[in-house]
Amino acid sequence: MEQLVNSLAGGNWLEAATKIEEIIKPQIQKPKGLIRDLRVKLFEDIRKREIINIEASFCKNPSTNNLDDRINTLANEIYGINQTINQTINLNFGSLALEHLTPDEKRGEAWTILRLLKNNARNDPSTTQRLQAIVNKIVTISILQSRKANAGAAGEIITNCIIRSAGLEEGVHYKRQYQSDKKEGSITDFVFPYIEDGQEQKIDTFLAVQFSTNDRARMVESELKPGGNIIFLTGSGLEVASKKLGAISADIQKKISHNNCQWVCYKPELEAERARLRAKPNDTNKTKLDNLNSAITYEDFANVLKKKKLGWE
């Protein structure tokens, strides 16, 4: 590692930088990397507790009134918790690692780089700059991956809050993470009413959720199994969402909408996207508009669940 670091000041610096990145990336970024250790030691318990408290507070007094706006606020609160941690790690990773974690041999090269950056007086400016750029790149990529994972987890929490706003209880009226009896079948995010895995014939409603990215929409078709009411709930257009409804292609929309699949969308975004599509009439927009004309809002969906609740008890 010392030879590679010294090479950062020479003509072959790019080759040396690439090699350093290859060596320390798994030591910092992977599931057993330093970033994960920092999250576990400093942040994860507090993060989970705060989100659990927010969810519990939201569900304490079930109501569907003004639900779309309340869900948007909830999403902002969860995002804020996750973003504070991500920014703290992103901007202060080296100092946090050196202060709170114990160096180990398995990740010795990463520790060497972090110590060199802390004591940068021994390095020439270009070496320090390049080492810092390598570490920053690895940490930034890790943060982006974390944001996607956090968005997916937040989507399940937010959907659960929509369901609970209708007065439904998990384990009575619905089940999370339903496993099909078919080996090739994927897991469905929510099913109604509650049943054990592998009993499709008893399911009234299948619900798949998309909050992480609009690429997630490509995967939900396998979750929405025939035989019951089929629902696709998306977080596209929420204030914290990275994409809007328009980013979901017409082809994907058409596939999801097969078998009379019901779309559930954030109300302001649904209204804005319908208006946008009407204002620019063409074949693609007509297809999208046809798919979204029958879509309902979060509040509408919760009220549908409220009406069905008694039949699921």
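Looking only at segment 180-212, filter to residues that are in a strand (DSSP E or B) and within 26 Å of Q145 (Cα to Cα); which one of those is modelled with the lowest pLDDT? Top of the filtered list is I187.
Do you know which residues across segment 213-231 are touching a Ser or Thr at 6+ places or on another chain (Cβ under 7 Å) and modelled with pLDDT of 70 or more? Of everything in segment 213-231, those that are touching a Ser or Thr at 6+ places or on another chain (Cβ under 7 Å) and modelled with pLDDT of 70 or more turn out to be G228, N229, I231.
Out of curiosity, is L117 touching a residue at least 40 places away in the same chain (Cβ under 8 Å), over 15 Å from G33 (Cβ atoms), aliphatic (A, V, I, L, M) and in the same structural domain as F43 (by TED's automatic domain parsing)? Spelling it out, it is not the case that L117 is touching a residue at least 40 places away in the same chain (Cβ under 8 Å), over 15 Å from G33 (Cβ atoms), aliphatic (A, V, I, L, M) and in the same structural domain as F43 (by TED's automatic domain parsing).
Taking the criterion of being of a type in the set (K, R) and surrounded by fewer than 18 Cβ atoms within 10 Å (Cβ to Cβ), the only residue of segment 70-113 that qualifies is K106. Please work out which residue is farthest from the chain's Cα centre (by Cα), limiting yourself to segment 287-313 and to residues that are touching a residue at least 24 places away in the same chain (Cβ under 8 Å) and not in a helix (DSSP H, G or I). For segment 287-313, the residue satisfying everything is E313.
The set of residues in segment 155-172 being modelled with pLDDT under 95 and surrounded by 21 or more Cβ atoms within 10 Å (Cβ to Cβ) consists of G155 alone.
Here is a list of conditions, (1) in contact (Cβ under 8 Å) with a residue 40 or more places away in the chain; (2) under 28 Å from the mean Cα position of the chain (by Cα), and T112 meets all of them except one; can you say which number that is? The one condition T112 does not meet is (2). Whenever a residue of segment 158-172 is part of a loop (DSSP other than H, G, I, E, B), its partners that are among the hydroxyl-bearing types (S, T, Y), lying with C-beta atoms within less than 7 angstrom and at least six residues away or across chains, give the pairs A166/T64; L168/Y174; G171/Y194; V172/Y194.
Per the conditions (1) in contact (Cβ under 8 Å) with a residue 24 or more places away in the chain; (2) surrounded by 17 or more Cβ atoms within 10 Å (Cβ to Cβ), the sole criterion not satisfied by A149 is (2).
Scan segment 237-259 residue by residue and report those that are of a type in the set (A, V, I, L, M) and either in the same structural domain as A151 (by TED's automatic domain parsing) or assigned to a helix (DSSP H, G or I) (or both). Spell out how you get there, then give the answer.
Filtering segment 237-259 for residues of a type in the set (A, V, I, L, M) gives 238, 240-241, 245, 247-248, 250, 252, 256.
Within segment 237-259, L245, A247, A250, I252, I256 meet the criteria.
Of all residues in segment 39-52, none are touching a strand residue (DSSP E or B) at 6+ places or on another chain (Cβ under 9 Å), aliphatic (A, V, I, L, M) and under 28 Å from T297 (Cα atoms).
Restricting segment 258-294 to residues that are of a type in the set (A, V, I, L, M, F, W, C) and in contact with a strand residue (DSSP E or B) (Cβ under 8 Å, 6 or more places away or on another chain), the residue that is surrounded by the most Cβ atoms within 10 Å (Cβ to Cβ) is C265.
Residue check: is A133 over 22 Å from V40 (Cα atoms), surrounded by fewer than 16 Cβ atoms within 10 Å (Cβ to Cβ), at pLDDT 95 or above and of a type outside the set (D, E)?
yes
Would you mind finding the one in N53, N66, N61 that is loosely packed, with under 14 Cβ neighbours inside 10 Å, farther than 23 Å from Q145 by Cα, within 20 Å of the chain's Cα centre (by Cα) and not hydrophobic (A, V, I, L, M, F, W, C)?
Exactly one of N53, N66, N61 is loosely packed, with under 14 Cβ neighbours inside 10 Å, farther than 23 Å from Q145 by Cα, within 20 Å of the chain's Cα centre (by Cα) and not hydrophobic (A, V, I, L, M, F, W, C), namely N53.
Could you tell me whether any residue of segment 94-108 is of a type in the set (G, A, S), within 19 Å of the chain's Cα centre (by Cα) and assigned by TED's automatic domain parsing to the domain that holds Q145? Checked against the condition, which is being of a type in the set (G, A, S), within 19 Å of the chain's Cα centre (by Cα) and assigned by TED's automatic domain parsing to the domain that holds Q145, segment 94-108 yields no hits at all. The single residue among R39, R70, R49 that is assigned to a helix (DSSP H, G or I), farther than 29 Å from K306 by Cα, not acidic (D, E) and not assigned by TED's automatic domain parsing to the domain that holds Y298 turns out to be R39. When segment 6-29 is limited to residues that are in contact with a Ser or Thr (Cβ under 9 Å, 6 or more places away or on another chain) and either assigned to a loop (DSSP other than H, G, I, E, B) or not assigned by TED's automatic domain parsing to the domain that holds W111 (or both), the one that is nearest to N136 (Cα to Cα) turns out to be L8.
The values are calculated or read from the model by the stated rules, or taken from the named source; none is laboratory data. Fair warning: this is a prediction, and the values are worked out from it, not measured in the lab. Virtual Cβ from ideal backbone geometry, glycine too; neighbours counted across all protein chains shown.
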